[in-house]
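The values are calculated or read from the model by the stated rules, or taken from the named source; none is laboratory data. Note that this is a predicted model, so its numbers are computed, not measured. Counting neighbours? That spans all protein chains shown, and the Cβs are built from the backbone with ideal geometry, glycine included.
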Ligand SMILES: Cc1cc2nc3c(=O)[nH]c(=O)nc-3n(C[C@H](O)[C@H](O)[C@H](O)COP(=O)(O)OP(=O)(O)OC[C@H]3O[C@@H](n4cnc5c(N)ncnc54)[C@H](O)[C@@H]3O)c2cc1C
């Protein structure tokens, strides 16, 4: 499984074909590509969206896997109510958008032919909408690349009612025994049986020794800094800590 070089940045026109509100604060948007009508990217990369009237392009990770090459899907937290999230929340099926893609280096370390993997286990850590590129990476690894390494997802969210995609991840875990996931609630109800607190609390419980694990973190700055310092304290080398900071 060696990666082909990333194709050059292109400008795309696309049409909204599905627009779904998840957990009351995330907009999940499916864009059919119009021109060009195919995209090549590496799982974990993002697009730069043109916001009409906005001074700068806004970054959104692609949450669909590269195998879906005639469309892209994004997951947007619409609670910031700035130019980008308001624009995306206002879109309706049939509306057209423009973006540049692919961009970014938050991609899985490729396997080299005839060599043992540098990372023999993959651990993903997301908070909130940071699940977006990680969904693309996990689907690509399991469904397209048939990667058999242990793959674990730790997803931190605040409240139980912020939860979505849980069923999808559960189904993946049933279909792929090398995939496991857990959800960490920072404000859990008393009855919550799983991890509670911050993602670092859960990571400390799960991992005493990190062997040759590759870590992929996505979300807000505080989470990334907290997890990175925990991993450095555990002597994980920096080249095995990969991250995408949303804000
Ligand atoms: C590489 C990259 C990829 C990104 N991918 C995504 C993505 O897939 N989904 C997504 O929702 N956002 C993503 N973001 C954040 C996104 O680009 C915007 O910053 C976000 O949508 C807010 O833009 P805005 O114009 O609505 O508000 P702004 O006025 O630009 O920001 C208002 C405030 O909102 C907060 N904020 C920014 N992003 C988020 C967020 N995701 N969740 C909660 N609060 C936030 C920050 O504190 C920010 O100061 C990504 C950012 C980067 C750098």
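Points worth noting:
- Flag if residue 139 is modelled with pLDDT of 95 or more, more than 16 Å from the ligand (Cβ to nearest atom) and on the phi < 0 side of the Ramachandran plot: no
- Criterion applied to 56, 73 was being in contact with a helix residue (DSSP H, G or I) (Cβ under 9 Å, 6 or more places away or on another chain) and modelled with pLDDT under 95, and the one residue passing it is 56.
- Residue among 68, 21, 34, 111 that is under 30 Å from residue 197 (Cα atoms) and either more than 13 Å from the ligand (Cβ to nearest atom) or surrounded by fewer than 16 Cβ atoms within 10 Å (Cβ to Cβ) (or both): 21
- Residue 240 vs. criteria surrounded by 12 or more Cβ atoms within 10 Å (Cβ to Cβ), in contact (Cβ under 8 Å) with a residue 60 or more places away in the chain, assigned by TED's automatic domain parsing to the domain that holds residue 129 and under 19 Å from residue 107 (Cα atoms): yes
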